[in-house]
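The values are calculated or read from the model by the stated rules, or taken from the named source; none is laboratory data. These numbers were taken from a predicted model, which means no experiment stands behind them. Here the Cβ positions follow ideal geometry from the backbone for every residue, glycine too, while neighbour counts run over all protein chains shown. For the accessible areas, the whole protein counts, side chains as well, though only heavy atoms, and no ligand, DNA or RNA atoms are used. Shrake-Rupley method; radii C 1.70, N 1.55, O 1.52, S 1.80 Å.
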Amino acid sequence: MKLLRGGTVDPLEARLLRTIAFAVVGVVTVAALYYGRDVLLPTAVAILIAFILSPAITWLRRLVPLPLSVAAVVLMALAIFGLLAALVTSQLADVAGSLTGYQTNLQQKVKDLRALADSGGPLTRFAAMVASLTNDLAREGTSMEPLVPVPVAAGGSSFSTVTSFVVPLLYPLLTIGIVLILVIFILLDRDHISDQVVRLFGGSNVHATSEALEDAAGRVARVLLLQVLMNLGFGIAVGGGLWLLGMPNPILWGLLAGALRFVPYVGAVLGAVLPTLIAFAVSPGWVQPFLVLGWIVACDILLGHFLEPLIFGESTGVTPLALIVSALFWSSLWGPIGLILSTPITICLLVLGRHVPNLGFLQVLLGDEPALKPYQQIYRRLMRKAVPEASAVAQAEIDEKGREQGLDDSLGRMVVLAEQDRADDRLSPEQVDAIVEGTDLVLDFLDDRTDEKAPAPPAPTDEEAVPAPATPSAPRASIRCTGGRSQIDDAAAAVVAFGLRQGGLNAVSPRRGESAAPEQEAAFTLQLICYASRPSEAVRRYTSRKLRGGTNVTVRHAIVDYDAAGPAALGNALPEGPDIFMGDVAAICRLATQVVAAISTLDRELAAQS
């Protein structure tokens, strides 16, 4: 009501109003799609056919004018469709005429089934039960529905007979004619239609709208072309295999298998059932029907689970779950034709969500791209204590982007996000503990994987197998990473220490209040006080006084801040002050390495002079 009065609207009320508006628009859209299917369905089929024929017209348009190219391509498509229809019709007539010749095989299979049932097994009992129920139903139907004489009109004309035969065919023939006319006019006026769509949906941003149209057209055309080629290959493989197995009319079954495969999820099943039933009638034994079924299933498995994922790749960009839900939705609205159109429509919706900001939720719901970034995935999994899943995400990111960038884009940004939520009181103490402990476990996993991938040292030869004359010297420098303020800072210190160890330095990360005794006492220690967000100057002074100890200890503050990460920060050894390292984890590790190298060099020079 405040919106109607022109007052300030509460954000919660605005979100509620937006949700109600989306729900109303969704309900109205679904109702319009259902009740307007008589108009929308032929239009959608015509647009789909226009997509299929458009590449051929584009190529032919270079040689002849547009009207001639449209006429040539449409006539060629009609000729191919007519030849295929005539071939399928003749093959079906041949199958129907030859079924009567296989009566002996069917009788033999009935005798085999009776032989199995004569022993009084479950088949006999089941058949007896079905027969008893059938007799009871027939008896009740006879007693409840007495025969009523049906008056027969005398002098019926042949016109009524012809009308009763033609009228059921009139609607599909008119629909085919409407689709054909729409296809011709869409192809003739496709440039103007494209301009109209750009003007309607993005007149202020022609470039972005044109990119969206080209993206949708390219994806749909690519998917349709790949589907045609794959289903054609499937039909050839099925027909060739059935011909080798001795099945009659293998061309028919190959064409039907390839054509039915355009129907998602159920088409392949129908393409396998029909020839299997014919094989039961044709074959005198039981082996051939199962060979036919096994061959078709094997071809479908090879095509659907191996070749299609390899060839299609990122052609659709839609998740399998979204395709299944879309197939159910459009088949419930538009029937079998909606099932066929579900994949192209879903691709178009995905493109709309990618290029139209207000429809971005469609890309999240339908797209196969990760909905969350890797560090957000790790953050959610650590809060749920799903450490193995978080470790897998971090390892995949490091394998893909390299050690430095992968560590930053996974665990580095994760601790920054966790510190932001902790500062805003969004995390409970239990969640903070889960994040910190989970970070340590993920880093332990990454350490183990690094040790597994490290090459084994070569075996020493006899000449090299000489005992060491002296005790190994102590390391010249070590780095101790400690959290500055909170437990999340402890996690940031562990991440920085891991990055330093990956660079070959001696780095440890004890928790605040814990003492970390190194294996060998180093000549110089760099104390890194790590923060997952920018601390105040008072906090830095307090932690410096608290953690400073010894003459050989140098304290530096390491602030993980991705807003400061960049070329300027990477090139400056001390970007914020004499004792502050600020940037991403990789930059902090490089700055710490530079300091350790400089002090170690100075220490060696002084030792050499003394």
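Could you please let me know if residue 317 is in contact (Cβ under 8 Å) with a residue 60 or more places away in the chain and open to solvent by less than 20 Å² (accessible area, probe 1.4 Å)? Judged against the criteria, residue 317 is a match.
Consider residue 345 carefully, then state whether it is within 27 Å of residue 21 (Cβ to Cβ), out of contact with any Gly (no Cβ under 7 Å at 6 or more places or on another chain) and assigned to a helix (DSSP H, G or I). The answer is yes for residue 345. For the stretch 410-426, filtered to residues that are open to solvent by 40 Å² or more (accessible area, probe 1.4 Å) and in contact (Cβ under 8 Å) with a residue 24 or more places away in the chain, the residue that is nearest to the chain's Cα centre (by Cα) is 413.
When 271, 267, 258 are checked against the criterion of being under 29 Å from residue 343 (Cα atoms), at pLDDT 80 or above and in contact with a Lys or Arg (Cβ under 9 Å, 6 or more places away or on another chain), 271 stands alone in meeting it. Of all residues in the stretch 159-176, none that is under 20 Å from residue 43 (Cβ atoms) and modelled with pLDDT under 75 has its Cβ atom under 7 Å from the Cβ atom of a residue that is part of a helix (DSSP H, G or I) and open to solvent by 80 Å² or more (accessible area, probe 1.4 Å), 6 or more apart or on another chain. Return yes or no: is residue 558 among the hydrophobic types (A, V, I, L, M, F, W, C) and modelled with pLDDT of 80 or more? Considered against the rule, which asks whether it is among the hydrophobic types (A, V, I, L, M, F, W, C) and modelled with pLDDT of 80 or more, residue 558 comes out as yes.
Residue-level check: of (1) hydrophobic (A, V, I, L, M, F, W, C); (2) modelled with pLDDT of 90 or more; (3) not in a helix (DSSP H, G or I), residue 427 misses just (2). Of the residues making up the stretch 369-379, those that are within 17 Å of residue 420 (Cβ to Cβ) and open to solvent by 50 Å² or more (accessible area, probe 1.4 Å) are 372, 373, 376. Count of the stretch 32-75 residues, restricted to those that are surrounded by fewer than 16 Cβ atoms within 10 Å (Cβ to Cβ) and basic (Lys, Arg), is 2. With respect to the conditions (1) among the hydrophobic types (A, V, I, L, M, F, W, C); (2) open to solvent by less than 40 Å² (accessible area, probe 1.4 Å); (3) out of contact with any Asp or Glu (no Cβ under 9 Å at 6 or more places or on another chain), residue 407 lacks only one, and its number is (3).
State which residue pairs qualify: first residue more than 19 Å from residue 192 (Cβ to Cβ) and inside the stretch 207-226, second residue open to solvent by less than 30 Å² (accessible area, probe 1.4 Å) and modelled with pLDDT of 75 or more in any location, beta carbons under 6 Å apart, and separation of 6 or more residues or different chains. Short answer, once both residue conditions are applied: 215/351; 219/347; 220/344; 220/347.
If only residues of the stretch 380-391 that are open to solvent by 60 Å² or more (accessible area, probe 1.4 Å) and under 10 Å from residue 442 (Cα atoms) are counted, the one that is farthest from the chain's Cα centre (by Cα) is 388.
Here's the yes/no breakdown for (1) at pLDDT 70 or above; (2) in a loop (DSSP other than H, G, I, E, B); (3) more than 20 Å from residue 405 (Cβ to Cβ):
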| residue | (1), (2), (3) |
| --- | --- |
| 574 | no, yes, yes |
| 581 | yes, no, no |
| 588 | yes, no, no |
| 592 | yes, no, no |
| 599 | yes, no, yes |
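Counting only residues that are open to solvent by 40 Å² or more (accessible area, probe 1.4 Å) and at pLDDT 80 or above, which one in the stretch 540-555 is nearest to the chain's Cα centre (by Cα)? Result: 540. On the stretch given as the stretch 427-443, residues that are of a type in the set (Asp, Glu) and open to solvent by 80 Å² or more (accessible area, probe 1.4 Å) total 2.
Just one of the listed residues (19, 29, 100) is of a type in the set (Ser, Thr, Tyr), exposed (fewer than 11 other Cβ atoms within 10 Å of the Cβ), assigned to a helix (DSSP H, G or I) and modelled with pLDDT of 85 or more, namely 29. Within the stretch 243-277, the residues that satisfy the criterion of being more than 28 Å from residue 327 (Cβ to Cβ) and open to solvent by less than 30 Å² (accessible area, probe 1.4 Å) are 247, 249, 250. Across the stretch 329-349, the number of residues qualifying as in contact with a strand residue (DSSP E or B) (Cβ under 9 Å, 6 or more places away or on another chain) and in contact (Cβ under 8 Å) with a residue 60 or more places away in the chain comes to 2. Residue 218 meets all of the listed conditions (1) under 18 Å from residue 318 (Cβ atoms); (2) touching a helix residue (DSSP H, G or I) at 6+ places or on another chain (Cβ under 9 Å) but one, namely (2).
Note on the stretch 177-227: residues that are open to solvent by 60 Å² or more (accessible area, probe 1.4 Å), charged (D, E, K, R) and part of a helix (DSSP H, G or I) amount to 6. The set of residues in the stretch 332-367 that are in contact with a Pro (Cβ under 9 Å, 6 or more places away or on another chain) and either of a type in the set (Gly, Ala, Ser) or more than 18 Å from residue 227 (Cβ to Cβ) (or both) contains only 342.
Matching residues to (1) surrounded by 21 or more Cβ atoms within 10 Å (Cβ to Cβ); (2) over 41 Å from the mean Cα position of the chain (by Cα); (3) in a helix (DSSP H, G or I); (4) modelled with pLDDT of 85 or more:
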| position | (1), (2), (3), (4) |
| --- | --- |
| 459 | no, yes, no, no |
| 481 | yes, no, no, yes |
| 517 | no, yes, no, no |
| 529 | yes, yes, no, yes |
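Scanning the stretch 334-368 for residues that are more than 18 Å from residue 219 (Cβ to Cβ) and crowded, with 17+ Cβ neighbours inside 10 Å gives 334, 337, 338, 339.
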